[in-house]
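All remarks here apply to the structure that follows.
The values are calculated or read from the model by the stated rules, or taken from the named source; none is laboratory data. Quick caveat, the model's predicted, so the values are computed rather than measured. Please note: Cβ atoms are built from the backbone with ideal geometry, for glycine as well, and neighbour counts cover all protein chains shown. Only protein heavy atoms, including side chains, enter the accessible area calculation; ligands, DNA and RNA are left aside. Shrake-Rupley method; radii C 1.70, N 1.55, O 1.52, S 1.80 Å.
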Amino acid sequence: MTPDSVYCIDTNSLILGRKERYPYPAFRTLWDNIEALVRDGRLIAPEDVFAELKHHEDDVSTWAALHRRMFVPFEHRMAESLAALAEGFPQLSSAIRSRGAASDTDQLVVALANARGCIVVSEEVRGSQTKPKVPDL
């Protein structure tokens, strides 16, 4: 990591971070630093992450709405990364998708990170070839 690193964050990191692991009242400085990353364009996520957060209707969704600029619309350069993911993990794009496999949003997080050379931030642990998760992708 360098001082100019850009991070692409998964939905679960925002939810678990804000609600459980690093709640705002106890970790204000951390959240101030996270907000600085957003302001500097160094913390991003696909728009689909915002869509997932909106369904929670809580502090996390309110925070996300206040930091809407971090959520990136689909970029054509992400398509190449998605194609590579589908090639490496054909079950992700087929009708036989394994329950518990990486979601479409997870794939978009990885694709955006690949397209922009970002560091992926996720709370997921490794899955398997049939049920890949973000670390596998």
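Pairing each residue of the range 80-109 that is at pLDDT below 60 with any residue that is acidic (D, E), provided the two are 6+ apart or on different chains, yields C-beta distances under 8 Å for A102/D136. Considering every residue within the range 45-54, establish whether at least one is open to solvent by less than 30 Å² (accessible area, probe 1.4 Å) and small (G, A, S). For the range 45-54, residues open to solvent by less than 30 Å² (accessible area, probe 1.4 Å) and small (G, A, S): present. For the range 40-70, filtering for residues that are charged (D, E, K, R) and in contact (Cβ under 8 Å) with a residue 40 or more places away in the chain leaves 3. Could you check, for the range 16-37, whether at least one of its residues is β-branched (V, I, T), in contact with a His (Cβ under 7 Å, 6 or more places away or on another chain) and open to solvent by less than 40 Å² (accessible area, probe 1.4 Å)? Scanning the range 16-37, I find no residue that is β-branched (V, I, T), in contact with a His (Cβ under 7 Å, 6 or more places away or on another chain) and open to solvent by less than 40 Å² (accessible area, probe 1.4 Å), so the answer is no. Close contacts from the range 11-39, counting a first residue that is assigned to a helix (DSSP H, G or I) and a second that is among the hydroxyl-bearing types (S, T, Y), with Cβ to Cβ under 6 Å and a gap of 6+ residues or different chains, come to S13/S122; L30/Y22; W31/Y24. So for the range 87-94 (the condition being within 25 Å of D4 (Cα to Cα) and either touching a Phe, Trp or Tyr at 6+ places or on another chain (Cβ under 7 Å) or open to solvent by 20 Å² or more (accessible area, probe 1.4 Å) (or both)), does at least one residue qualify? No, every residue in the range 87-94 fails to be within 25 Å of D4 (Cα to Cα) and either touching a Phe, Trp or Tyr at 6+ places or on another chain (Cβ under 7 Å) or open to solvent by 20 Å² or more (accessible area, probe 1.4 Å) (or both).
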